[in-house]
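The values are calculated or read from the model by the stated rules, or taken from the named source; none is laboratory data. As the structure is a prediction and not an experimental result, all values here were calculated from the model. Please note: Cβ atoms are built from the backbone with ideal geometry, for glycine as well, and neighbour counts cover all protein chains shown. Each accessible area value is taken on the protein alone, full model and side chains, heavy atoms only, with ligands, DNA and RNA left out. Shrake-Rupley method; radii C 1.70, N 1.55, O 1.52, S 1.80 Å.
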Amino acid sequence: MEERLLAILRNVFDDVTIDTTCSQKTCKAWDSMNHLNLVVELEMEFGISLEPEEIGRMISYQDVKEIIAFKL
């Protein structure tokens, strides 16, 4: 799951250097529009539906990973 998640983050934010330390504070491309793009990609890739509260809590790689792991 982690490699799939990193691939999605790298694709959405168009940055091959993204790693597990990625967060809204460290990634300039992580703006509101790309946050929505990230949600769509995650839902499609993992076959899940994210709740608004979960979407709001996704501010770092670690947060996203934990939310996705809970959903699977």
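Rounded to the nearest 10 degrees, the angle from helix 2-12 to the longest Cα principal axis of the chain is 60 degrees. Surface composition of the chain: carbon and sulfur atoms hold 53% of the protein heavy-atom accessible area at a 1.4 Å probe. Each peptide in 12-19, 49-56 was scored by the mean count of other Cβ atoms within 10 Å over its residues; highest first, the order is 12-19, 49-56. For the chain, averaging the sequence separation of C-alpha pairs within contact (under 8 Å, six or more residues apart) and dividing by the residue count gives a relative contact order of 33 percent. Per residue, the accessible area of the chain comes to 63 Å² when a 1.4 Å probe rolls over the protein heavy atoms.
Between exposed trypsin sites (Lys or Arg not before Pro) in the chain, where DSSP calls loop and at most 14 other Cβ atoms lie within 10 Å, what's the longest gap?
Longest run free of exposed loop sites: 29-72.
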